[in-house]
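I have placed the structure first, in the form of structure tokens, so that the comments after it can refer back to it.
Every number here is computed from the coordinates shown, using simple stated rules; none is lab data. Since this is a predicted model, take the numbers as computed values, not measurements. Positions of Cβ are generated from backbone atoms using ideal geometry, with glycine treated the same way; all protein chains shown enter the neighbour counts.
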Amino acid sequence: MSASALTISGVDKFYGPIDRGVHAVQNLTMEIGKGEIVALLGSSGCGKTSTLRMIAGFEEVSRGAISVAGRQVHRLAPVKRNVAMAFEGYSLYPPLTVRENMAFALKAARLPKSEVDAKVASIAKLLEIEDILERYPSSISGGQQQRASLGRALIREADLHLLDEPMGQLEPQLRAVLRGRIKHFIKERGLTAILVTHDQTEANALADRIAVMEGGVLQQFDTSDRIKQRPANLFTGTFVGEPPMNVFEAYVGTAAGKINLRLPDGLSLDYDREAFSGPVRDALLNRERVVIGVRPYAVRRSKDGVPATVSANQWLGDQTHIAADFAGGSLVLVEHDRTRLELGAPINVSIDPKNLHVFDQASGKAISHGMELA
Amino acid sequence: MEHTSLLERILRGAALTLVVIFFMFPIVWIFMMSFQTNETILRIPPQLVFEPTLANYTALITGKLTTASGTLDIAFMRNLWNSVFLSTTSVAVALLLGVPAAYAFARHKFRGSEDIAFTLLSFRFAPALLVLLPLTLYFQKLGLANTYIGLIWVYQLICLPLILWIVRGYFEDIPADIEYAYRIAGHSWFATFRKIALPLAGPGIAAAGLLAFIFAWNNFVFALVLASADKQPVTVGALAFITSSGIQYGQISAAIVLSITPTLALALYAQRYLVEGLSLGAVKG
């Protein structure tokens, strides 16, 4: 993590004329260290793939600069950037076998044949595609093509490995196995990888740090734990985490020595003043309206809680997801035991202030997480 | 075809036969006529049984046309050669210019790219007669009238738009990422064009070239106006068979048989490419 493998500074991407076209990536700045695995996480159209393609050199950088391993590359042709990429659409060459597809990048680098063969064999073993090496891309399944395409990228020695949705087509079991192996492979060789995905499980499992993007704007760039525990804003709060964070608008008030977070439908979450740390209490009392968020696993059922009505109850084999009508919206809570609750059953829920995320009502920016200010 | 009844198969067979007869009849009839003399051709009612003669072919190949009013010199073999030369060279030039242009139009959206591509296509909309007169005047001034170069140039009006638009479609069907993958692995864009794009669009380029060849071969009006006897292709040369002593149907038929043979052979040979070209979808990622 010493030298910087990739520096993106103030990059804008417009499709169409600058400042008038579609603003796909907005003023993106991030720095990735050597040997790091970073996931660009976001929904479709959030700018993550545009970012990756600008790094690779397939899209022009409208404004700003990109450096790979200390060299400014954003004006260079893809071939001069020394990056490897696995494409979402696999993009294998139809006239070549899987083996030739994986090997031709090494051939361009003029490696001896024995070394090429050894590398192909080891990557093929890693990705479990040894048995299809002599087949042509059109005769193998999507999952196999995807692994061949991933292999073609991983086999190369490059300053940066770019992986665009590298495991989207794989079966869940295989995906879980390969994730572990690929992470090990990347770490062992000290490669730097950037992975584009919309699957947060994949991002959590593979990446050291996750860059959450939405609407072309980098929302948060941090480790997966910190993104979960301290989401920078309402978007990351609700986007990362499964099931998503419950959020409600609330009016802040005080009555009878307590702090009330008044929710729609006349409900109110009441807390002792001492339940909050000093700075959080001040931040809350300074505002009239906030948005509060709570993770589903932090919602507890308790007799003296606020009333809600069960609207769905799903046992997933290892946990129960209970959805309840609550405060004019819906609240999801997760319990680890199988719970027998009929639809329409009344329950009472309470939320520990330690688990409360507070966001600014207008900007969506985080104000506090539990006892700490954001 | 397990679920077709006998009746269905008979009906289908009958329909196919009808279609084949309808389309093949003129060719078969011309083929038969080419082995007959004018007298047997013009017999009423026409008869299927006749004594075949090679006189028509001999006349064409030797270039001596014997009619009731004497012997005429015809330049049929010269015309045939002209057709082969003009069509082949035109298609070659059009491929050389059109394929890189098609690639540029398919892969790079630049200012006015659509307008330029459409302008080139519009050459095919305008009737040839519209441009023929000014073209003739210019060509005479430039000294291009009645030269192979001039004709090949004008033939680009036919070949270039066809090749450009067909090949462009094939290039667009190749996912750009396949090329990117090659480029990022350390190859220049020119290597990518040569090693990836060209082979993948190969069947399409062959199909477009073939089509352009047939169009060039069949062209009549440009060659009629811009070329004199020694540069004329067969399409124009066939006019020589309308002589003062009557129309030489036998020789015309023999000339047609000889002149459609190259294109027919080419089409049959390249059928494979046409089919392959249409199944290019197998490339999709």
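Numbers for the structure displayed
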{"quantity": "Per-residue average of Cβ from other chains inside 10 Å of A:83-95", "calculated": "6"}
{"quantity": "With Cα atoms, 0 to 90° folded angle of helix B:249-278 axis to chain B main axis", "calculated": "20 degrees"}
{"quantity": "Reachable lysines, given that their alpha-carbon falls under 20 Å from the alpha-carbon of A:Lys113 and they are not under 8 places away in the same chain", "calculated": "A:Lys125"}
{"quantity": "Size of charge dipole - chain B - debye, nearest 20, with Cβ of Lys, Arg +1 and Asp, Glu -1, no other charges", "calculated": "500 debye"}
{"quantity": "Over segment B:1-114, relative contact order from alpha-carbon pairs under 8 Å, at least 6 apart, %", "calculated": "11 percent"}
{"quantity": "Under 22 Å from A:Lys365, Cα to Cα: lysines that are on another chain or at least 8 residues apart", "calculated": "A:Lys48, A:Lys228, A:Lys354"}
{"quantity": "Label-point gap, in nm, between B:Leu7 and B:Asp115 - each point 7 angstrom along Cα→Cβ", "calculated": "6.3 nm"}
{"quantity": "Chain A - percent relative contact order, Cα under 8 Å, separation 6 or more", "calculated": "14 percent"}
{"quantity": "Charged-residue dipole, Cβ positions (Lys, Arg, Asp, Glu), segment A:144-220 about Cα centre, Debye nearest 20", "calculated": "320 debye"}
{"quantity": "Sparse-neighbourhood loop sites, trypsin sites (Lys or Arg not before Pro) in segment B:1-104 - DSSP loop, at most 11 other Cβ within 10 angstrom", "calculated": "B:Arg43"}
{"quantity": "For chain B, calculated [θ]222 nm from helices alone, where every DSSP H run of n ≥ 4 adds -39500 (n - 2.57)", "calculated": "-22500 deg cm²/dmol"}
{"quantity": "Shape of segment A:73-116, Cα gyration tensor, a/c cut at 1.5", "calculated": "oblate"}
{"quantity": "Low-density loop positions, trypsin sites (Lys or Arg not before Pro), segment A:31-83 - DSSP coil, at most 11 other Cβ in 10 Å", "calculated": "A:Arg75"}
{"quantity": "In degrees, nearest ten, helix B:113-122 long axis to first principal axis of chain B (Cα)", "calculated": "10 degrees"}
{"quantity": "Cα shape, segment A:209-324, gyration tensor, a/c 1.5 rule", "calculated": "oblate"}
{"quantity": "Over chain A: helical MRE at 222 nm, DSSP H runs n ≥ 4 each giving -39500 (n - 2.57), nearest 500", "calculated": "-7500 deg cm²/dmol"}
{"quantity": "DSSP loop GluC sites (Glu not before Pro) with at most 10 other Cβ within 10 Å excluded, longest remaining stretch of chain A", "calculated": "A:135-287"}
{"quantity": "Check: the protein assembly as shown dipole with +1 on Lys, Arg Cβ and -1 on Asp, Glu Cβ, in debye", "calculated": "1420 debye"}
{"quantity": "Estimated inter-spin distance, A:Ser4 and A:Arg273, nm [label 7 Å along Cα→Cβ]", "calculated": "4.8 nm"}
{"quantity": "Chymotrypsin sites (Phe, Trp or Tyr not before Pro) within segment B:62-126: DSSP coil, no more than 13 neighbouring Cβ in 10 Å", "calculated": "B:Phe110, B:Phe125"}
{"quantity": "Spatial separation of Cα centroids for segment A:67-110 and segment A:230-283, in angstrom", "calculated": "49 Å"}
{"quantity": "For segment A:162-210 and segment B:70-145, distance of Cα centres in Å", "calculated": "55 Å"}
{"quantity": "Sequence of A:Asp225, A:Asp352 once ranked by neighbouring C-beta atoms within 10 Å, starting from the fewest", "calculated": "A:Asp225, A:Asp352"}
{"quantity": "Selected from B:Ile149, B:Leu133, B:Phe215, residue furthest toward positive end of dipole (segment B:114-216; charges at beta carbon)", "calculated": "B:Ile149"}
{"quantity": "Using a Förster distance of 41 Å, the FRET efficiency for B:Asn146-A:Ser141 (Cβ separation, nearest 0.05)", "calculated": "0.10"}
{"quantity": "FRET E, pair A:Ala176, B:Leu16, Förster distance 45 Å, beta-carbon r, rounded to 0.05", "calculated": "0.20"}
{"quantity": "Taking A:His161, A:His74 and counting other C-beta atoms within 10 Å, the order from fewest to most", "calculated": "A:His74, A:His161"}
{"quantity": "Linear extension gain, B:Glu39 paired with B:Leu96, 0.36 nm per residue minus alpha-carbon span", "calculated": "15.6 nm"}
{"quantity": "Cα long-axis angle, helix A:172-189 against chain A (0 to 90 degrees, to the nearest 10)", "calculated": "70 degrees"}
{"quantity": "Estimated FRET transfer efficiency when R0 is 51 angstrom, pair B:Met77-A:Asp117 (beta carbons, to 0.05)", "calculated": "0.30"}
{"quantity": "Distance in nm between pseudo-label sites at B:Glu172 and A:Leu76 (7 Å out along the Cβ direction from Cα)", "calculated": "3.4 nm"}
{"quantity": "Selection from B:Gly186, B:Phe241, B:Phe76, by position along the positive dipole direction of chain B (Cβ)", "calculated": "B:Gly186"}
{"quantity": "Footprinting exposure proxy for B:Trp165, B:Trp217 (fewest neighbouring C-beta atoms within 10 Å first)", "calculated": "B:Trp165, B:Trp217"}
{"quantity": "Overall form of chain B per C-alpha gyration tensor (a/c, 1.5; a/b vs b/c)", "calculated": "oblate"}
{"quantity": "Net length gained if the chain between A:Lys125 and A:Ser44 were fully extended (0.36 nm per residue, minus Cα distance)", "calculated": "25.9 nm"}
